Amino acid sequence: MGDGKVVTGILIQDKLTEKNKVYEIQGLFIAIGHQPNTDMFKPVILTDELGYIITKPFSTVTNIDGVFCCGDAQDKIFRQAVTAAGAGCMTALEAERYFVANQDRLVSQDTALMPLN
Ligand SMILES: Cc1cc2nc3c(=O)[nH]c(=O)nc-3n(C[C@H](O)[C@H](O)[C@H](O)COP(=O)(O)OP(=O)(O)OC[C@H]3O[C@@H](n4cnc5c(N)ncnc54)[C@H](O)[C@@H]3O)c2cc1C
C-alpha cells in the first residue's frame, strides 16, 4: 500500500484464518526466497528435491556432458557471493579443461582457435 510516492502500509493475510490485517509501515524489505530459478533446466539437467542442480562432489560437472554449474543454482548450503565467485572459477577451469580435452570433437577446422597474442 502506498500514497503514490512511498510505501505506507502492508496488508497481511493469515494463511490459517484467512483474516486480513493492515500494518502501517514506512519501509519494506522483500525476501525473494530460496527457490533456485532452475525450472527451465529440469527437463535435461538433474536437480535435487529442492530444485538445486546436482553436480559431482567437489566439482561443477552436471549429468550432461560439457555442462557445468555453480552458484546459487547449485549451492544450497552457502549461497554467498564469494562462494558463487569461487565456484565460478572452478567452472571456468573445468570448462576450459573439458574444451581442451575435447577440442578435436568440438571445434571444426573452420572455427579453429586463433592464438591470443
Ligand atoms: C537480498 C540478498 C542479499 C545478499 N547479501 C549477500 C551478502 O551480504 N554477502 C554475500 O556474499 N552474498 C549475499 N547474497 C547472496 C549473493 O547475492 C548470491 O549468492 C550470489 O549473487 C550468487 O551468484 P550467482 O551468480 O550464482 O547468481 P546471481 O547473482 O543471482 O546471478 C544469476 C544471473 O542470471 C540471470 N538470469 C536468471 N534467469 C535468466 C535467464 N533465463 N536468462 C538469462 N539470464 C538469467 C539473472 O538476471 C542474474 O543476473 C545476497 C543475496 C540476496 C538476494
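Quick note: the coordinates plus some simple rules give every number you see, no bench work behind them. These numbers come from a predicted model, not from an experiment. Counting neighbours? That spans all protein chains shown, and the Cβs are built from the backbone with ideal geometry, glycine included.
Summary table
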| read-out | value |
| --- | --- |
| Contact order relative to length of the chain, as percent, for alpha carbon pairs under 8 angstrom and 6 or more apart | 13 percent |
| Only Lys, Arg (+1) and Asp, Glu (-1) charged, at Cβ; the chain dipole about Cα centre in debye | 240 debye |
| Using θ = phi - 60° and Karplus 6.51 cos²θ - 1.76 cosθ + 1.60, couplings along region 83-91 (whole Hz; Gly, Pro as x) | 6, 5, 5, x, 5, x, 5, 4, 4 |
| Theoretical gain in end-to-end length, Gln13 to Ala31 [0.36 nm per residue, Cα-Cα removed] | 4.8 nm |
